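Reading through the structure tokens given below for one structure.
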Amino acid sequence: QVQLVESGGGLVQAGGSLRLSCAASGIIFSINAMGWYRQAPGKQRELVAAISSGGSTNYADSVKGRFTISRDNAKNTVYLQMNSLKPADTAVYYCNAWIRAYALGSVSEYDSWGQGTQVTVSS
């Protein structure tokens, strides 16, 4: 079974930094795109940042210049470095990855999601 486990959320003051991590586990053959999404109360889930298997990145306009996404393919892990945090960044952050893995007797592609980690930025 494929799992994504996130860590690194918490409470921080405006202007501070946090680093989120998300590790994939299971019998993994390859991981394609990986990304971070967030969902604030009463709002739709939105893409924050994504990174391809080759390292190409894209960011939401609201986080460009402040957040950096990276990945360690040897560890099946994706990171989100968040600097200059604002109260508007407060949300539950979810990790997402397209994973080719062996499970339930076959090799398949899985659109996998983490359980979410809370990020709260106080003013």
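The values are calculated or read from the model by the stated rules, or taken from the named source; none is laboratory data. Only a predicted model underlies this, so the values are computations on that prediction, with no experimental measurement involved. Counting neighbours? That spans all protein chains shown, and the Cβs are built from the backbone with ideal geometry, glycine included. With ligands, DNA and RNA removed, areas are computed over all heavy atoms of the protein, side chains included. Shrake-Rupley method; radii C 1.70, N 1.55, O 1.52, S 1.80 Å.
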### Message
Which count do you get for residues in segment 1-24 that are open to solvent by 40 Å² or more (accessible area, probe 1.4 Å) and of a type in the set (Ser, Thr, Tyr)?
### Response
2
### Summary
Scanning segment 61-90 residue by residue, the ones that are open to solvent by less than 10 Å² (accessible area, probe 1.4 Å) and at positive phi total 0
### Summary
Of the residues in segment 1-16, those that are in contact with a Ser or Thr (Cβ under 8 Å, 6 or more places away or on another chain), in a loop (DSSP other than H, G, I, E, B) and closer than 15 Å to Thr120 by Cβ come to Gly8, Gly9, Ala14, Gly15
### Task
Have a look at Ser106, Ser112 and point out the one that is out of contact with any strand residue (DSSP E or B) (no Cβ under 9 Å at 6 or more places or on another chain) and open to solvent by less than 80 Å² (accessible area, probe 1.4 Å).
Ser106
### Task
May I ask you to list the residues in segment 23-41 that are within 24 Å of Ser122 (Cβ to Cβ) and modelled with pLDDT of 95 or more?
Trp36, Tyr37, Arg38, Gln39, Ala40
## Note on the structure
Scanning segment 85-123 for residues that are within 18 Å of the chain's Cα centre (by Cα) and of a type in the set (S, T, N, Q) gives Thr90, Asn96, Ser112, Gln115, Thr117, Gln118, Thr120
### Task
Output yes when any residue across segment 25-38 is open to solvent by 40 Å² or more (accessible area, probe 1.4 Å) and in a loop (DSSP other than H, G, I, E, B), and no when none is.
yes
### Task
Might you check whether a residue that is closer than 29 Å to Ala103 by Cα and in contact with a Gly (Cβ under 6 Å, 6 or more places away or on another chain) occurs anywhere in segment 75-83?
no
